[in-house]
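The values are calculated or read from the model by the stated rules, or taken from the named source; none is laboratory data. Quick caveat, the model's predicted, so the values are computed rather than measured. Here Cβ is always computed from backbone atoms with ideal geometry, including for glycine, and neighbour counts include all displayed protein chains.
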Amino acid sequence: MDFPSSSSLLRSSFMLKPHPELMTINFSGNSHWSKRKTRGHCLLRVSAISYQDFIDFSLNETKRYTPLLPSPLQEKYSSMIALDGQTRLEMLSFETPRIRVLRSMSIMGEAMQVLDFAAFPKPEFDLPIFCGNFFTAANTNIVVLDLNPLHDVISRRDYKEKYYDHLMPLGLKYTELLPWGGKLTSESIKFFSPIVIWTKFSSSKSKHEILYSAFVEYYKAWLELMEQAVDETDPSRIMSNLEAQHRYLTWRAEKDPGHGLLKRLIGEKLAKDLLRNFLFSGIDELGSKTFLDYFPEYWSDDGTISEKRSIIGKGFENRPWDKNGEIVGND
Ligand code: BLA
């Protein structure tokens, strides 16, 4: 089954001149957040939601563990204004002795706020990849927060035990507060861990506060793992980490659900460059396999990569792991 890259709702909120009501969010409560009254409701503008606190926290917290060094990506990627002339993209990138790339991209506009934050370990470490992806538009928030497993948690029980068993209570706490977001591209599930937070919600002060504390706790948990990690010296294990990370980068640079929006924001050429050389940088350096080598099911009749986002289709109406992090599946 194929499906459009993004809903007409999201397209209209970006492409058309935004209707004032589409740019606001129902909100009731007292806060310092920017709000205005319309027809008796307190409305919170999308542009009043900011992911800056998330970035500030993560950089300050990382510095408590390790020196944050500038990344070579900084020179080329810092900020951009989208084709609409008002939406702003901000990029930050660093490295540390154990982190190959620590980077964030935030998108700030009247119709959307986005954070894409990731930490990619050096190949000597089999650490999970930290992944915080938050998309906020007028009517919805789409959230993925996870310590994405580098190796398969189903076939590699040792990997699940090493990194996730002790984090299950943390995962359970937040997956109750931020419930499963419903069906998603089935291929994605293999890139997710048993503690993944995949959720959708309408904006409210309390939901955004929960999301912030989930991000803080997940990032702290990841930093602790990084601190304790022992670097691998066996060349075959380093190679296996390298290939697993390359496969992950190859998948996301080609099929991440945010691509359509990114292309509309900055045009196809710049979007491709940003994806391959900033967001998922390492594709050209960590390995030489192609997308079709890793995912041959995407071959199309003319020998190119199928444009479908998913070959299997959407699945997983409910959370497919039990409280012990065992896959139960419920496609
Ligand atoms: C939607 N983003 C989604 C969805 C997921 C993710 C699961 C639901 C749609 C689907 O089923 O695929 C996120 N999927 C991920 C992540 C991984 C994965 C993080 O496999 C990691 C392995 N989202 C962003 C950014 C933008 C963005 C940077 O992170 C925009 C620039 C937008 N995400 C975005 C939009 C949608 C979406 C617009 C709705 C698109 C749609 O449903 O077609």
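Taking the criterion of being out of contact with any Phe, Trp or Tyr (no Cβ under 9 Å at 6 or more places or on another chain), at pLDDT 95 or above and not in a strand (DSSP E or B), the only residue of the stretch 177-207 that qualifies is Leu177. Here the condition is being farther than 30 Å from Gly171 by Cα, assigned to a helix (DSSP H, G or I), of a type in the set (D, E, K, R) and more than 15 Å from the chain's Cα centre (by Cα); of Glu227, Glu285, it holds for Glu285 alone. Counting only residues that are of a type in the set (Asp, Glu) and assigned to a loop (DSSP other than H, G, I, E, B), the stretch 49-93 holds 1 of them. In the stretch 196-207, the residues that are farther than 30 Å from Ile327 by Cβ and among the hydroxyl-bearing types (Ser, Thr, Tyr) reach residues that are outside any loop (DSSP other than H, G, I, E, B) and away from the ligand (no atom under 11 Å from the Cβ) with C-beta atoms within less than 6 angstrom, at least six apart or across chains, in these pairs: Ser203/Ile25.
Tallying residues that are of a type in the set (Lys, Arg) and either farther than 25 Å from Arg156 by Cα or surrounded by fewer than 15 Cβ atoms within 10 Å (Cβ to Cβ) (or both) within the stretch 315-331 yields 1. Taken across the stretch 237-255, residues that are farther than 28 Å from Ser310 by Cβ, more than 20 Å from the chain's Cα centre (by Cα), exposed (fewer than 15 other Cβ atoms within 10 Å of the Cβ) and away from the ligand (no atom under 16 Å from the Cβ) do occur, with at least one present. Checking each residue in the stretch 100-147 for being surrounded by 22 or more Cβ atoms within 10 Å (Cβ to Cβ) and polar (S, T, N, Q) picks out Gln113, Thr136, Asn141. Inside the stretch 162-200, residues that are among the aliphatic types (A, V, I, L, M) and more than 18 Å from Arg252 (Cβ to Cβ) make up a count of 7. Residues that are near the ligand (Cβ under 9 Å from one of its atoms) and aliphatic (A, V, I, L, M) within the stretch 179-195 comprise Leu184, Ile189, listed in sequence order.
I need every pair where a residue in the stretch 65-80 that is closer than 27 Å to Arg264 by Cα has its Cβ under 7 Å from the Cβ of a residue that is part of a helix (DSSP H, G or I), sequence separation at least 6 or different chains. Once the first residue is closer than 27 Å to Arg264 by Cα and sits in the stretch 65-80, its partners that are part of a helix (DSSP H, G or I) give Leu73/Phe278; Tyr77/Phe278; Met80/Ile266. Only one of the listed residues (Leu178, Leu225, Leu261, Leu265) is buried (at least 16 other Cβ atoms within 10 Å of the Cβ) and either among the aromatic types (Phe, Trp, Tyr) or under 28 Å from Thr96 (Cβ atoms) (or both). That residue is Leu225.
Residue by residue, here is whether (1) in contact with a helix residue (DSSP H, G or I) (Cβ under 7 Å, 6 or more places away or on another chain); (2) at pLDDT 95 or above; (3) of a type in the set (Asp, Glu) holds:
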{"residue": "Ser240", "(1), (2), (3)": "no, yes, no"}
{"residue": "Gly258", "(1), (2), (3)": "no, no, no"}
{"residue": "Lys269", "(1), (2), (3)": "no, yes, no"}
{"residue": "Arg276", "(1), (2), (3)": "yes, yes, no"}
{"residue": "Asp293", "(1), (2), (3)": "no, yes, yes"}
{"residue": "Glu297", "(1), (2), (3)": "no, no, yes"}
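Hey, any hits in the stretch 151-170 for a residue that's among the hydroxyl-bearing types (Ser, Thr, Tyr), surrounded by fewer than 21 Cβ atoms within 10 Å (Cβ to Cβ) and free of Cβ contacts under 8 Å to residues at least 40 places away in the same chain? Yes, the stretch 151-170 contains a residue that is among the hydroxyl-bearing types (Ser, Thr, Tyr), surrounded by fewer than 21 Cβ atoms within 10 Å (Cβ to Cβ) and free of Cβ contacts under 8 Å to residues at least 40 places away in the same chain.
When only residues in the stretch 256-281 that are part of a loop (DSSP other than H, G, I, E, B) and closer than 14 Å to Met105 by Cα count, which is nearest to the ligand (Cβ to nearest atom)?
Gly258
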